[in-house]
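Just below is one structure, and these are the notes that go with it.
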Amino acid sequence: MEDRYPLCLPYILRYEGGNDDDPHDPGGRTSRGVIQREYNAYRRRKGEATQDVWKATDEEVSDIYRHQYWDPWCPQLPAGVDLSFFDMAVNAGPSRATILLQRALGVRDDGAIGLVTLGAIKDADPIELIVGFANKRLAFYRSLHTFRYFGKGWTERTLDCKKASLKMATTATAVTS
């Protein structure tokens with residue numbers, strides 16, 4: 001099976017690129033989407049001293065994305081659905097991404113991917129799932145008190161991700177047909 005991580009990561013970095021320390025962002029100090037708290041935990045796990053997240057290397061950011069947000073579920077998802085799930089996992093956490101994916105699938109939204117969710121993914125039309133997931137994602141963002149600060153960007157990102165995901169899914173379907 002093709003490792004699609006290298007295809008999806010540049011898309012994520014396009015939206016998560018750069019450093020940020022917005023007082024309205026509950027994540028706080030961030031570099032390329034990685035928050036300081038997460039980066040500290042990553043460095044401690046590697047036996048390294050903590051440092052400012054703005055000093056994180058591209059390799060560290062990629063390693064965090066692969067092991068915290070891509071694995072273990074994205075490699076099991078259809079082309080396009082993997083990008084949508086990955087993008088939401090990075091933006092709002094893997095648990096929230098899982099809940100929204102389950103809602104789009106119409107299964108119990110317990111936040112845990114298991115046999116029921118995997119079966120529903122296998123049975124779903126990837127195009128319909130991408131569209132449904134984007135709709136659930138937009139509804140989630142609208143429910144947040146920080147929507148007034150970040151809503152325009154989240155909406156643009158979601159719609160752009162949906163477009164890129166649909167293109168991936170269509171291309172993958174054409175190749176396997």
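State all residues of segment 18-27 that are out of contact with any strand residue (DSSP E or B) (no Cβ under 6 Å at 6 or more places or on another chain) and surrounded by 13 or more Cβ atoms within 10 Å (Cβ to Cβ); if no residue qualifies, say none.
Selection gives Asp21, Asp22, Asp25.
Failed condition for Glu156, given (1) within 19 Å of Tyr11 (Cα to Cα); (2) touching a residue at least 24 places away in the same chain (Cβ under 8 Å), with all others met?
So the condition that Glu156 fails would be (2).
Have a look at Arg96, Arg103, Arg142, Arg108 and point out the one that is touching a residue at least 40 places away in the same chain (Cβ under 8 Å) and not acidic (Asp, Glu).
The unique qualifying residue is Arg96.
For segment 118-130, give me the residue count where each residue is out of contact with any Lys or Arg (no Cβ under 7 Å at 6 or more places or on another chain), β-branched (Val, Ile, Thr) and under 18 Å from Thr171 (Cβ atoms).
Residues meeting the conditions: 1.
Given (1) basic (Lys, Arg); (2) farther than 25 Å from Lys163 by Cα; (3) at pLDDT 95 or above, where does Arg29 come up short, assuming only one miss?
Of the numbered conditions (1) basic (Lys, Arg); (2) farther than 25 Å from Lys163 by Cα; (3) at pLDDT 95 or above, the odd one out for Arg29 is (3).
Have a look at Ala79, Ala97, Ala89 and point out the one that is out of contact with any Gly (no Cβ under 9 Å at 6 or more places or on another chain), within 18 Å of Pro126 (Cβ to Cβ) and not in a helix (DSSP H, G or I).
Ala79 is the lone residue from the list that is out of contact with any Gly (no Cβ under 9 Å at 6 or more places or on another chain), within 18 Å of Pro126 (Cβ to Cβ) and not in a helix (DSSP H, G or I).
Among Leu166, Leu101, Leu159, Leu129, which is within 16 Å of the chain's Cα centre (by Cα) and under 30 Å from Tyr42 (Cα atoms)?
Leu101
Of these, Thr57, Thr50, Thr30, which one is hydroxyl-bearing (Ser, Thr, Tyr) and touching a strand residue (DSSP E or B) at 6+ places or on another chain (Cβ under 7 Å)?
Values: Thr57 fails: touching a strand residue (DSSP E or B) at 6+ places or on another chain (Cβ under 7 Å); Thr50 fails: touching a strand residue (DSSP E or B) at 6+ places or on another chain (Cβ under 7 Å).
Only one candidate qualifies: Thr30.
Considering segment 125-138 alone, what residues qualify as being crowded, with 19+ Cβ neighbours inside 10 Å and aliphatic (A, V, I, L, M)?
Those that are crowded, with 19+ Cβ neighbours inside 10 Å and aliphatic (A, V, I, L, M): Leu129, Ile130, Ala134.
Just the residues that are more than 18 Å from Glu16 (Cβ to Cβ), loosely packed, with under 11 Cβ neighbours inside 10 Å and modelled with pLDDT of 95 or more, please, taken from segment 139-177.
Hit for segment 139-177 is Ser143, nothing else.
Checking the structure you have, find out if any residue of segment 88-109 is more than 24 Å from Tyr141 (Cα to Cα) and exposed (fewer than 14 other Cβ atoms within 10 Å of the Cβ). Even if it seems obvious, please write down each step before you answer.
First, the residues of segment 88-109 that are more than 24 Å from Tyr141 (Cα to Cα): none.
No - not one qualifying residue is present in segment 88-109.
Tell me, please, whether a residue that is outside any loop (DSSP other than H, G, I, E, B), surrounded by 17 or more Cβ atoms within 10 Å (Cβ to Cβ) and touching a strand residue (DSSP E or B) at 6+ places or on another chain (Cβ under 7 Å) can be found in segment 3-17.
no
List the residue pairs whose Cβ atoms are under 6 Å apart, where the first residue sits in segment 21-50 and is more than 17 Å from Gly153 (Cβ to Cβ), the second is in a loop (DSSP other than H, G, I, E, B) and charged (D, E, K, R), and the two are 6 or more positions apart or on different chains.
Here the result reads Arg29/Asp21; Gln36/Arg29, each pair linking segment 21-50 to a residue that is in a loop (DSSP other than H, G, I, E, B) and charged (D, E, K, R).
Would you pick out the residues in segment 111-139 that are touching a residue at least 40 places away in the same chain (Cβ under 8 Å) and either on the phi > 0 side of the Ramachandran plot or of a type outside the set (Gly, Ala, Ser) (or both)?
If the condition is that a residue be touching a residue at least 40 places away in the same chain (Cβ under 8 Å) and either on the phi > 0 side of the Ramachandran plot or of a type outside the set (Gly, Ala, Ser) (or both), then Ile113, Leu118, Ile121, Pro126, Ile127, Leu129, Ile130, Phe133, Arg137 are the ones that fit.
The values are calculated or read from the model by the stated rules, or taken from the named source; none is laboratory data. Note that this is a predicted model, so its numbers are computed, not measured. Quick reminder, even Gly has a Cβ in these numbers, built from the backbone with ideal geometry, and neighbours come from all protein chains shown.
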